[in-house]
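Derivation of every value follows stated rules applied to the coordinates shown; laboratory data play no part. Note that the structure is predicted; figures quoted are calculated from it, not measured. Every residue, glycine among them, receives a Cβ derived from its backbone with ideal geometry; neighbour counts consider all protein chains shown.
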Amino acid sequence: MLRVGIIGLGFIGQVHYHAYEALKGEVKIAAVCDIERSRLEQAGGISGNIGGAQQKLNLDAVALYTDAAKMLAEQKLDIVSICLPTYLHAKYAIMALQAGVNVFCEKPMAIDPAECDTIIAAAEASGRELQVGHVIRFWPEFVWARQAMLEGAYGKLLAAHFQRLSQTPTWSWQNWLLDGDKSGGAALDLHIHDADFVQYLLGMPRAVYSCAYCGPSKEADHIATQYLYDGDVVVTGVGGWMMTSAFGFRQAFDMAFEDASVVYDATRTPSLQVFPRTGDPFAPEVTADSAYNIEIAYFVRKVAGQKLPEIITPFESRESVRLVLAEKKSAQTKRVVAL
């Protein structure tokens, strides 16, 4: 039975709590830390862009802390989830790794590649596992589409277009998301999901060309990118958080293969559809389990010693930060940026 701690009990911290709770018999949530005691006393009810407020948490059997260093010193933990604002990831991930704990850190790994490198170095020095929460690599519809490409089920991939749009996130602790120095804006916090999946799908592009609009965070709060690869595949991504609250949130992709079109839109039912060149359209069967549950289960079982296929590495997470920063530089300079 692995003992788990969570640092940060905002919306994503609650998502992690429920994901670990679903692994009864494999893990025990031993401790939770949040700098605001009120979150520990009335845990639950915080909303985010991926859904409504999480249900209230039962923390009666969990040790509660407002000091992460104290929690790591007093509790014998096997795993800790870092569910803090991006600008705090490096400090607390390194703290946990140096305490000998395996770390699951929410995405992005850090504000810039240099900070990512310090975290990776700490993981290598500690000999512990480090995974960053690039959940789209585990999202059932995205997993299905990537597998279809790898198997050549519909011939060569000709084009892929990704979209991730959200209402402006006004719900974050101390409004950190709308402080570009702390979040990196929508490009680094939100759009990175699709940038990382592009890397997972096709490898790092040779260059990017982007345009962006700077909104409340004084950063790229809406960005559109063309990912440039050798060959003739066309790959684009659009992401931002400047939509109205009535719009809410949408993630989607369109993939054009030689022999089929594959379309995903989280706001539609069915969300994933295949339109073959010959034959009738159909909706592939994918698991209904939450991708957050799947990625947490993957990490837990990896820490437990199971031999699993490699889905995400710390270096790839670092490279996704570098990729998004190249996109932001392209938007600022209005030039192609080589990678």
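Could you rank the peptides 194-204, 279-289 by their average count of other C-beta atoms within 10 Å per residue, with the highest value first?
My ranking of the peptides, most packed first, is 194-204, 279-289.
For the ranges 226-234, 296-304, what's the packing order if you count other beta-carbon atoms within 10 Å of each residue, average per peptide, and put the highest first?
Ranked by mean Cβ neighbours within 10 Å, highest first: 296-304, 226-234.
Counting only the backbone N, which residues of the range 218-248 are under 16 Å from the spot 7 Å out from the Cα of residue 333 toward its beta-carbon?
Answer for this model: 226, 228.
For the range 228-307, what is the largest minus smallest coordinate of the Cα atoms on each principal axis, given in angstrom and ordered from greatest to least?
Extents along the principal axes: 44, 37, 33 Å.
Take the Cβ-Cβ distance between residue 242 and residue 304 as r, set R0 to 45 Å, and report the resulting FRET efficiency rounded to the nearest 0.05.
So the FRET efficiency works out to roughly 0.60.
What FRET efficiency comes out for the pair residue 147/residue 124, r = Cβ-Cβ distance, R0 = 35 Å, nearest 0.05?
Efficiency, from the Cβ-Cβ distance: 0.70.
Counting DSSP beta bridges in the chain, what percent are antiparallel, to the nearest 5?
Given both bridge residues lie in the chain, the antiparallel proportion sits at roughly 55 percent.
Cut-off is 10 Å between beta-carbons; in what order do 91, 107 appear when sorted fewest neighbours first?
Taking fewest neighbouring Cβ atoms as first place, the list is 91, 107.
Which one, 72, 197, 42, projects farthest toward the positive side of the charge dipole computed for the chain from Cβ point charges (K/R +1, D/E -1)?
72
Number of Lys pairs in the range 43-182 with C-alpha atoms less than 23 angstrom apart, excluding same-chain neighbours closer than eight positions?
5
Using the count of nearby Cβ atoms within 10 Å as a rough guide to exposure, how do 141, 21 rank from fewest to most?
On the way: 141 23, 21 16.
Fewest to most other Cβ atoms nearby, the residues stand as 21, 141.
Going by average Cβ neighbours within 10 Å, how do the peptides 125-137, 266-278 rank, with the highest at the top?
Answer by packing, highest mean first, reads 125-137, 266-278.
State the Kirkwood hydrodynamic radius of the chain in Å, one decimal place, computed from all pairs of distinct Cα atoms.
On the way: mean 1/r = 0.0485 Å⁻¹.
In the chain this quantity evaluates to 20.6 Å.
Under Stokes-Einstein, with the Kirkwood radius over Cα pairs standing in for Rh, what whole-number D in µm²/s applies to the range 2-133 at 4 °C and 1.567 mPa s?
The estimated diffusion coefficient comes to 88 µm²/s.
Go ahead and estimate [θ] at 222 nm for the chain from helices alone: -39,500 (n - 2.57) per DSSP H run with n ≥ 4, summed, over the residue count, rounded to 500.
That calculation yields -9500 deg cm²/dmol at 222 nm.
Residue 269 to residue 21: extension gain in nm, 0.36 nm per residue of separation minus the Cα-Cα distance?
Length gained, residue 269 through residue 21: 86.4 nm.
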